[in-house]
1. Between Lys111, Lys82, Lys358, which gets the highest mean-square fluctuation from a Gaussian network model of the chain, Cα cutoff 10 Å?
2. How far apart, in nm, are two points set 7 Å out from the Cα along the Cα-to-Cβ line at Asn81 and at Lys324?
3. Volume per residue, Å³, of the convex hull around the alpha-carbon atoms of segment 284-381?
4. May I ask you to list the GluC sites (Glu not before Pro) in segment 74-112 that are in a DSSP loop and have at most 16 other Cβ atoms within 10 Å of their Cβ?
5. Which whole-Hz couplings ³J(HN,Hα) result when phi for each residue of segment 88-99 is put into the Karplus expression 6.51 cos²θ - 1.76 cosθ + 1.60, θ = phi - 60°, listed in order with x for Gly and Pro?
6. Please find the FRET efficiency linking Asn140 to Lys257, where r is the Cβ-Cβ separation and R0 is fixed at 45 Å, and quote it to the nearest 0.05.
7. Please report how far the C-alpha centroid of segment 173-221 lies from that of segment 263-281, rounded to the nearest whole angstrom.
8. Among Leu91, Leu270, Leu43, which one shows the highest mean-square fluctuation when the chain is modelled as a Gaussian network with alpha-carbon springs under 10 Å?
Amino acid sequence: MEIFKIKNIFITFLLVSLLTLSPNVFSAPIPKAPKSDVSSYILIDYDSGMVIASKDPDLILPPASITKIMTSYLAFTELKNKTMGLQDEVLVSKNAWQTGGSKMFIEVGKKVKIQELLHGIITTSGNDASVAMAEHISGNEETFAIYMNQMADSLGMNDTSYANSTGLPNDDLYTTARDISLLARALIKNFPKEYKLYSQKEYVFNEIKQYSRNKLLYLDDSVDGIKTGFTKKAGYCLATSAKRGSRRLISVVLGAKSPDQRTKVSKSLLEYGFRFYETHKLFSSNQELTQTRVFSGDKNTISLGVIDDTYISIPRRQIKNIKKKFVIDQNLSAPVSKDEAVGYVVIELEGKPITTFKLFAMETIAEGSFYRKTLDSIYRYF
């Protein structure tokens, strides 16, 4: 009887001990990102922009038809600026009609609506449609390529050069997986309505039905874009985005050896990101995060915060281990303008910095009186 009592006490003690242990005891470790022999890949979170997994993301490579993401981006920009409309008609030139590679099958001398060309660029990956669009927007493809490079610069695509609207091989056409992820993120953010074109699985033009080459559109309901590419030099490429619940991820795979490989690697990256990582909203726009001293102003302190909603992507169940460290100019002096950057906040996980956000003044501080300036000068001197 005594033995049973001792055993019961021991079991009760063990259960209580286990229940009071940190949840981390039961947390499975986060595995490393999927391995692959593709040339390059990257997986980012849409909201935070943080990299979840990558392999040589800054390796310079030809993008093939992924180039057409920028072609459509510029078309969407022109539509937004109302310099052209979806029902505007484009006269197909011989140059556009005779462009090699994948085709929408537009005919020389005939008119095609902008809306139809967009389907031809995005769904059927038509090189003829891309050239027709480039000529309509910029007069010729060479000038359009300049426009493409200007937009790439404005988006921070620092390792990208465009030479044409199609992605056909050219020594001056190159990019990186990281830059493509930046472009895809910008397109989804700036043109959410137009982005829906990338989810279309088929399109009929001139009684010819063509299908999207993005197999993930058929295999994964959460995938809603964005673009495939292939040339012998580039290999098989795929930029993909998927949304599950409130989270959206973007993957880019370059230099795969087959269509199946680019699909499998993209799928495995998306599954990895959704399963093992979480995205959290850290700060809200115009939320006061801290205050700091201001010298020589009409006020002694100023409120600091972030302008936009800010997010972080971290391994699952690690949000409680996040710490914030503010780095602010300790000699901040008036005048200070609202929305002026005056410091930054470092986000740390387990003592290591993982990202930073700029801190902005949430109010304007004007110069103080002569008396205030004198007092603050004395204070700082001593």
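A short reminder: the numbers here are calculations on the coordinates, not readings from a lab. Here the structure is a predicted model, which means the values were calculated and not measured. As a convention, Cβ positions derive from the backbone with ideal geometry for all residues, glycine included, and neighbour counts pool all protein chains shown.
1. Among Lys111, Lys82, Lys358, the largest GNM mean-square fluctuation belongs to Lys82.
2. 3.8 nm
3. Hull volume over Cα atoms, normalised by residue count, gives 91 Å³.
4. Glu107
5. Ordered by residue, 3J(HN,Hα) equals 4, 9, 10, 7, 6, 7, 5, 4, 5, 4, 8, 4 Hz.
6. After rounding, the FRET efficiency stands at 0.80.
7. If you average the Cα positions of each part, the centres end up 19 Å apart.
8. Leu91
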